[in-house]
1. Report LYS188's accessible area, 1.4 Å probe, all protein chains in place, as a number in Å² to the nearest 10.
2. Considering only protein heavy atoms, what per residue accessible area in square angstrom results for region 96-222 with a 1.4 angstrom probe?
3. Any idea of the accessible area per residue across region 367-440, 1.4 Å probe, to the nearest Å²?
4. Just add up the charged neighbours of GLY58: K/R +1, D/E -1, any other residue whose Cβ is under 11 Å from the Cβ of GLY58.
5. So how far apart, in nm, are the two label points at ASN324 and ALA220 if each is 7 Å from Cα heading toward Cβ?
6. On full extension of the chain, what length is gained from VAL283 through ASP171, given 0.36 nm per residue of separation minus the C-alpha to C-alpha distance?
7. Can you list residues from other chains, or at least 5 along the same chain, whose modelled amide H is less than 5 Å from the amide H of LEU158?
8. Would you pull out the residues with amide H under 5 Å of LEU91's amide H, same chain only if 5 or more places away, H placed 1.01 Å from N?
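The values are calculated or read from the model by the stated rules, or taken from the named source; none is laboratory data. As the structure is a computational prediction, the values presented were derived from the model and not from experiment. Heads up, the Cβs are rebuilt from the backbone with ideal geometry, glycines too, and the neighbour counts pull from every protein chain shown. Side chains are part of the model used for accessible areas, which takes the heavy atoms of the whole protein and leaves out ligands, DNA and RNA. Shrake-Rupley method; radii C 1.70, N 1.55, O 1.52, S 1.80 Å.
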Amino acid sequence: MGKNQHSKDRMFITATEWAAEYGGHKKKRAVGLAGALPFECCALSLLPFEAPCCARDGILFDALQLLPYVKERGVSPATGAPLGVKDVIRLKMAKNLDGAWHCPVTCKVFNNHSKVVAIATTGNVFAYEAVRELCFKRNCLEDLLDASPFARGDVLLLHDPDDEDLKRRRDLSSFWHLEQERKKTEAKLGAAKHGDHIRASDGDKGIVAEAKKNVAKADAAREAKEQARLEAMNAPDRPENKGLTPTFLRVRRLGATTDEVLGGSRLTSGATSGSFTSSAMAVSTTAALRAATDDELKTARWKLLRGLGQKGYVRIRTSLGDLNVEVRCDIVPRAAENFLGLCAAGYYDGCQFHRVLRHFVAQGGDPTGTGRGGESIYGGKFADEITRELKHVGAGVLAMANSGPNTNGSQLFITLAACRNLDGKHVVFGEVVGGSDLLDAFAPGTPPPPEAKVVVAACGVMDDAAAAAAA
């Protein structure tokens, strides 16, 4: 009883205690040549040998198995290298009274832990310790049984648990003849057709052939129907395809995947999981990528347009004069593409600026002239693209008019002064870069009569960056 009697008391056990004393998992140590052929087995038959032999590489065989193989093929079954009958060395390996292979000098039994060598000139097999102590250290290179002289190069290493090169050469996975057998088996299985092993009468064969023909006909009809559906869906004159470029329709018809258009977005069709959980679906074992949707194709095109870093330019001919407008395709590609597409289609021709407020904005782009009409090139309304780079900082800023969030159509306005109160509420997509002096004439001191309102005669697209991106 001392002051340190509780010094080793603890509320846990160590990993060593758990493994050694409390029934934990004990790792098994690999014994001998792990993964290699046992010492007493032939590398060709993989069975214990009775008449051992080898070549200069030291791999052991049974002479009854090796010699016929070499005569027929002329190669080593272990390495595939050329090998003749004259190159085979017959080994003289001694057995003890128990029938076990052993060293005739030290009388040690050979096992997977032994280091065994053979003298190539005589074929006698010894434990390496005997040759090392009695031959190498005494510089007496003579056979320990018949005193025949030999050179150091005549000492062949047959087995060594510490020699990695020998272990690799004696590994079952590296044997050449086993690899050839595996390739033959795989080729035979690959060439075999499904149903070759099934015995069927002539009537059954006719039924199967008719069924295959019907299935092929149904598949062809289904593919033709799907192709017709795609052609009709991607027809340029279809109302739903209004504003879509021919390139967009072609990509959608070809069925581009999400990974191809979005880069890294590998979304599957879900057919594999669906067929796994539902017996009503056809079995699918491949996770095929699904075709990109219209929204994903548009997003990819707008991303490409933004990445080009190009701007578009439009000349607006009004009853007061010409306005040259710069369109920011590099920042707001969706709104820019909408404006450029409407200008190219002549949508704004004849439209008037129906709402003009002095020192504020001049709003137009409504073919009805009421402020309640107009639609985008995409059909209906499209979402906002509010950015920090473009703001209503002064006169001549072009922005989309709307009736609330994500309600952009064809109507737009040109600021006649700074309108910072509109920032974050309207999509700014360009500015006037030529003819700014005409803006003062948009809103004179008194409201003009209806016949004096500014009218757009035509809009000419001078540089369409959106069309370049679509191509």
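1. Around 150 Å² of this residue is reachable by solvent.
2. Working: 8350 Å² over 127 residues.
I get 66 Å² per residue for region 96-222.
3. On the way: 3380 Å² over 74 residues.
Here the residues of region 367-440 average 46 Å² of exposed surface.
4. Values: positive: ARG56, ARG169, ARG170; negative: ASP57, ASP160, ASP163, ASP165.
Local net charge: -1.
5. In this crude label model, ASN324 to ALA220 measures out at 6.2 nm.
6. Numbers: separation 112, 0.36 × 112 = 40.32 nm, distance 4.16 nm.
Result: 36.2 nm gained on full extension.
7. VAL116, VAL117, ALA118
8. CYS53, CYS54
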